[in-house]
Amino acid sequence: MIATSKDSKTVVAGVNSTPDAPATVLIGAQWGDEGKGKWIDSLAADVDLVVRYQGGNNAGHTLYVDGKKIVLHQLPSGIFHEGQVSALAAGVVVNPAQLVIEMDKAAEFGVKLTPNRLWLSGRAHVITPWHIFLDEQRESRSHGAIGTTKRGIGPTYSDKAARTGLRLGHYIKSETRTRWVKQMRELHPEFNKVWADRSEAWAAFEAAAEKLAPFVTDAESNIRAAAREFKKILLEGAQGALLDIDHGTYPYVTSSTTGAAGACQSIGLSPHFIGQRLGIAKGYVTRVGAGPFPTELHDEIGKTLAAKGQEFGATTGRPRRVGWLDAVALRYVSEVNGLSGVILNKMDILTGLKEVKIAVAYRHPELGELREMPWDTEVLDACEPVYISMPGWQDQVPSSGRISDLPKAARDFVAAVEEHIGTPVLMVGTGPNRSDALYR
Ligand code: IMP
């Protein structure tokens, strides 16, 4: 069943918020790299505040501002809009030196960041050279590697859960920062060696504290106040729902809550403030790192999509694995996150194919046909996709206008996606620029 027309009317172009639910949450609906940066940047034009709520500099949000490419790893993708506030909330992990690099980069693009425009949560946890060392070590094991970005994300979240982490508010004060280093020396015999071996990284880590200090605040309290004042808020997810620590393809996941509910937890924001729940999916699927991927293509079509879609990780430069759209996984993500609408991105990349496919079920050698995504990653790994096949389209897709302006075969593809995921496609992406967008 396709969701009701009432749902599809609520978002037509941009972010609409109602007075009682001023926040919209936007998540990646696959395994990340769906093109969130562009859409957040574009939807942010309409809002007062953009909040990143999880992940760290493992994310890579690519934007084109005045034709120039910029990749953000830490800063929210709405930062380029004048007069708007950006925030990093408690659930984020922050690499201080990387954040400073991005703030300087943003300044080159003419973005003047002041403490009124950028709120960094004192509660957010800090990624240190020690955590990066641990991530590298774990990934170099002969088996059991996750294929992480080696940015120290997992070890930082581990320390947070173990209650031995360093929060941003304590990092910026030399006294509490030094106390944390001392504690680490006592806890981990290897820490001293990492301190000595990575002296440059530690120096950059130390130096960033002073630069960040003016921006560190009770971001969550400020965000709640904005919500009470009915300010329009965009909650920016990073990575993708299938990389969620609880609901993703564990253990091949990231270490945070990437789903819509993560925003509430990260900020301490009541769910009743959230109106729209948007998920971005590509017209096909990609994944970087290890883990099950039922619709993965190993043929020429996969190579064509990867080349045309420039499917290389924005953070690590690794080639992404590519496959057909998986409607079983997307329906699952829609259900877990209560998606009110889907943005189907990069539809231009599918142009020119003779046929296009959508997985609508899985076949397991022992369990037979499965209509639902299995919780067990080993079961998922053994599944083959059951596809529907449709004619492709050869005509260019329009860069602006309405979804109804798409070539007939592309419209049929969108309609089939909606039917199989039970959620309306509200917007379609047809190119890398902010303006390359079709609306319902
Ligand atoms: P980590 O987040 O670096 O610990 O990596 C865990 C898994 O999430 C690996 O498979 C990564 O490739 C994947 N991952 C992390 N961040 C992103 C992202 O922004 N896009 C796509 N995959 C990501």
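Name the residues whose placed amide hydrogens come within less than 5 Å of the amide hydrogen of Q276, ignoring near sequence neighbours (fewer than 5 apart) on the same chain.
Hits under the 5 Å cutoff: V25.
Over 18 Å, how big is the tail of the calculated P(r) for the stretch 241-319, in percent of all Cα pairs? Each step should come with its number before you reach the end.
Numbers: 1708 of 3081 pairs.
Cα-Cα pairs of the stretch 241-319 separated by over 18 Å account for 55 percent.
So how far, in whole Å, is the C-alpha centre of the stretch 49-78 from the one of the stretch 87-142?
When both Cα centres are located, 12 Å separates them.
Please compute the contact order of the chain in relative form: average sequence separation of alpha-carbon pairs under 8 Å and at least six residues apart, divided by the residue count, as a percent. Please list the in-between numbers first.
Details: 986 pairs, mean separation 94.0, N = 440.
Averaging sequence separation for qualifying contacts and normalising by length gives 21 percent for the chain.
Would you mind checking the tilt of helix 199-212 against the longest principal axis of the Cα atoms of the chain, expressed as 0 to 90 degrees and rounded to 10?
The helix 199-212 is inclined about 90 degrees to the chain.
How far is helix 153-162 tilted, in degrees, relative to the longest principal axis of the Cα atoms in the chain, given as a value from 0 to 90 rounded to the nearest 10?
Between the helix axis and the principal axis of the chain, the angle is about 60 degrees.
Place a +1 charge on the Cβ of each Lys and Arg in the chain and a -1 charge on the Cβ of each Asp and Glu, then give the dipole magnitude about the Cα centre in debye, rounded to the nearest 20. Spell out each step's value before the answer.
Details: 49 positive and 50 negative charges, 181 e Å.
In total the dipole reaches around 880 debye.
Which percent of the accessible area of the chain is formed by carbon and sulfur heavy atoms (probe 1.4 angstrom)?
52 percent
Work out from phi, with θ = phi - 60° and the Karplus expression 6.51 cos²θ - 1.76 cosθ + 1.60, the ³J(HN,Hα) of each residue of the stretch 100-111, listed in order in whole Hz, and give x for Gly and Pro.
Coupling constants for the stretch 100-111: 5, 4, 5, 5, 5, 5, 4, 4, 4, 8, x, 8 Hz.
Report, by chain and number, residues whose modeled amide H sits under 5 Å from the one on S256, excluding near sequence neighbours (fewer than 5 apart, same chain).
Amide H neighbours of S256: I245.
Quote the FRET efficiency, to the nearest 0.05, computed for E175 versus A225 with a Förster distance R0 of 45 Å and r equal to the Cβ-Cβ distance. Display every interim value, and only then the final one.
Values: r = 30 Å, r/R0 = 0.66.
Given R0 = 45 Å and the Cβ-Cβ separation, E is 0.90.
Run the paramagnetic zone check for E136: 7 angstrom along Cα to Cβ, then residues of the stretch 171-210 with backbone nitrogen under 12 Å.
194-202
Mean-square fluctuation check for the chain, GNM, Cα pairs under 10 Å: which of T430, T176, T249 is largest?
Per the Cα network of the chain with a 10 Å cutoff, T176 tops the list.
For the chain, what does the helix formula give at 222 nm: sum of -39500 (n - 2.57) over DSSP H segments with n ≥ 4, over the residue count, nearest 500 deg cm²/dmol?
On the way: 15 runs with 143 residues, N = 440.
Mean residue ellipticity at 222 nm (helix-derived): -9500 deg cm²/dmol.
With θ set to phi - 60° and the Karplus curve 6.51 cos²θ - 1.76 cosθ + 1.60, what are the ³J(HN,Hα) couplings of the stretch 115-132 in order, to the nearest whole Hz, using x for Gly and Pro?
After applying 6.51 cos²θ - 1.76 cosθ + 1.60, I find x, 7, 9, 9, 10, 10, 5, x, 7, 4, 8, 9, 8, 10, x, 4, 5, 5 Hz.
Hey, what's the per residue convex hull volume over the C-alpha atoms of the stretch 281-439, in cubic angstrom?
117 Å³
Modelling each spin label as a point 7 Å along the Cα-to-Cβ direction, I'd like the D246/E206 distance in nm, to one decimal.
4.1 nm
Just to confirm, what accessible area per residue do you get for the stretch 126-213 at 1.4 Å probe, in whole Å²?
55 Å²
Lysines near K105 by alpha-carbon distance under 24 Å, same-chain residues fewer than 8 away left out - which ones?
List returned: K36, K38, K68, K69, K150, K211.
Rank R177, R151, R163 by mean-square fluctuation in a GNM of the chain with C-alpha springs under 10 angstrom and give only the top-ranked residue.
Comparing R177, R151, R163 in a Gaussian network model of the chain, the most mobile one is R163.
Kirkwood-based Rg over Rh for the chain (C-alpha set), two decimals?
Expressed as Rg/Rh, it is 0.97.
Say a site is exposed when it is one of the GluC sites (Glu not before Pro), sits in a DSSP loop, and has at most 15 other Cβ atoms within 10 Å; what is then the longest site-free stretch of the chain?
Result for the longest clean stretch: 230-365.
To the nearest 20 debye, what charge dipole does the stretch 88-144 have about its Cα centre, counting +1 at the Cβ of each Lys and Arg and -1 at the Cβ of each Asp and Glu?
220 debye
The values are calculated or read from the model by the stated rules, or taken from the named source; none is laboratory data. Here the structure is a predicted model, which is why all the values come from computation and not from measurement. Please note: Cβ atoms are built from the backbone with ideal geometry, for glycine as well, and neighbour counts cover all protein chains shown. Note: areas computed on protein heavy atoms with side chains; ligands, DNA, RNA excluded. Shrake-Rupley method; radii C 1.70, N 1.55, O 1.52, S 1.80 Å.
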